Amino acid sequence: MTPQSIDDLPTPALILDRAVLSRNLKRMSERLRAAGVMLRPHLKTAKSVQVGRMAVEGHDGRITVSTLAEARYFAKGGFTDILYGVGVVPSKLAAVTELRRQGINLRVVTDNLAVARAIADAARNGDTFSVFVEIDSGAGRAGLPWPELPGLLDIARVLNNAPGVELAGVMTHAGHSYHESTPDGIAKVSEQEREAIVGAAEKLRAAGLPCPIVSAGSTPTATHSRKFTGITEMRPGVYCFNDLDQEFIGSCSAGDLALSVLASVIGHYPHRNQVLIDAGALALSKDSSSQ
């Protein structure tokens, strides 16, 4: 095959800088290893077995996904410890079981007592599950709100008392770190995230309940956290490629952007000082930093 130059590519085209990708992965890997924290990268952005293998090199291979389709894809790629990192609903337990019966430790998440009971009922029929209880550390989306943590012990006891169910621990996602714009601001959110998730773990242990995994993480908090005490794993995701939002809030520099979109100018309008390109919202995704 004749080597292509960038001018030969049909547009719009995704351009990946492999050297930047490798550097991003190595930086995060070394940072968490030095902190004594396990890395469970979130691969919903990459959606690539090859990138996933690069991300977990030197670690134990655990990953995070956002859909069951992603879980199936990465399971076929050889990944066996997968966190399905959004709240599970009872109608999806059969699909979870199907993967677990194939030897995949597909772990699920809930913050709901009724769902915990449904998981326990399914386990009584011979199925097995590994479950995290989700904590809201300030993002205001999913999880039991900290510091009150209403229902935490009830949910945990239902799961822990059910045969075939592993209470894997607690998890959170500090999505509100994306609203910060300085390393100090992100570090403050990181500490809030840490206090919430470690506090939830301590509440479980004080009640005699197991909490082996204390899972936190976002790219900003994994990058700027100044203290990981009590956290056992982090789940950054965007750091693999980074984007303009990450650059804007200070999680990376312009030289850390591994992805770009090649487009062709299809119109030139000097009277408006504008050009028109053949890459719209679908090609450019949501990368719309206010810079």
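The values are calculated or read from the model by the stated rules, or taken from the named source; none is laboratory data. Quick caveat, the model's predicted, so the values are computed rather than measured. Neighbour counts are summed over all protein chains in view; Cβ atoms, including those assigned to glycine, are modelled from backbone coordinates with ideal geometry. For accessibility, only protein heavy atoms count, side chains too; no ligands or nucleic acids. Shrake-Rupley method; radii C 1.70, N 1.55, O 1.52, S 1.80 Å.
So the values come out like this:
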item: Counted residues, segment 237-258 - those being modelled with pLDDT of 95 or more and not small (Gly, Ala, Ser); result: 7
item: Residues satisfying the stated conditions in segment 71-122, i.e. outside any helix (DSSP H, G or I), within 22 Å of Gly151 (Cα to Cα) and open to solvent by 10 Å² or more (accessible area, probe 1.4 Å); result: Gly85, Val86, Gly87, Val89, Arg107, Asp111, Asn112
item: Segment 133-151 residues that are more than 18 Å from Gly175 (Cβ to Cβ) and at pLDDT 95 or above, paired with ones that are open to solvent by less than 60 Å² (accessible area, probe 1.4 Å) and not in a loop (DSSP other than H, G, I, E, B) (beta carbon under 6 Å, 6 or more apart); result: Leu149/Ala200; Gly151/Leu113
item: Close pairs (8 angstrom Cβ cut-off, 6 or more residues apart or separate chains): free of Cβ contacts under 8 Å to residues at least 60 places away in the same chain and among the small types (Gly, Ala, Ser) in segment 79-99, open to solvent by less than 10 Å² (accessible area, probe 1.4 Å) and part of a strand (DSSP E or B) anywhere; result: Gly87/Val109; Gly87/Thr110
item: Selection count, segment 171-204, where residues are under 30 Å from Cys252 (Cβ atoms), in a helix (DSSP H, G or I) and of a type in the set (D, E, K, R); result: 6
item: Residue that is surrounded by the fewest Cβ atoms within 10 Å (Cβ to Cβ), among those in segment 56-70 that are over 13 Å from the mean Cα position of the chain (by Cα) and part of a helix (DSSP H, G or I); result: Ala69
item: Criterion: touching a Gly at 6+ places or on another chain (Cβ under 9 Å) and assigned to a helix (DSSP H, G or I) - qualifying residue of Arg53, Arg27; result: Arg53
item: Filtered residue count, segment 166-179, keeping only those that are farther than 27 Å from Ala116 by Cα and open to solvent by 60 Å² or more (accessible area, probe 1.4 Å); result: 2
item: Where a residue in segment 212-223 is in contact (Cβ under 8 Å) with a residue 60 or more places away in the chain and its partner, wherever it lies, is among the charged types (D, E, K, R), with Cβ under 7 Å and at least six apart; result: Ile213/Glu233; Ser215/Arg40; Ser215/Glu233; Ser215/Arg235; Ala216/Glu193; Ala216/Arg194; Gly217/Arg235
item: Condition broken by Ala168, with the remaining ones in (1) assigned to a strand (DSSP E or B); (2) free of Cβ contacts under 8 Å to residues at least 12 places away in the same chain satisfied; result: (2)
item: Residue match in segment 38-45 (condition: buried (at least 17 other Cβ atoms within 10 Å of the Cβ) and modelled with pLDDT under 95); result: yes
item: Residue ID - nearest to Met171 (Cα to Cα), chosen from residues in segment 35-78 that are in contact (Cβ under 8 Å) with a residue 40 or more places away in the chain and basic (Lys, Arg); result: Arg40
item: Members of segment 218-230 found to be part of a loop (DSSP other than H, G, I, E, B) and either surrounded by fewer than 24 Cβ atoms within 10 Å (Cβ to Cβ) or touching a Phe, Trp or Tyr at 6+ places or on another chain (Cβ under 7 Å) (or both), listed by number; result: Arg226, Lys227, Phe228, Thr229, Gly230
item: All positions within segment 123-165 that are in a loop (DSSP other than H, G, I, E, B), open to solvent by 40 Å² or more (accessible area, probe 1.4 Å) and among the acidic types (Asp, Glu); result: Glu148
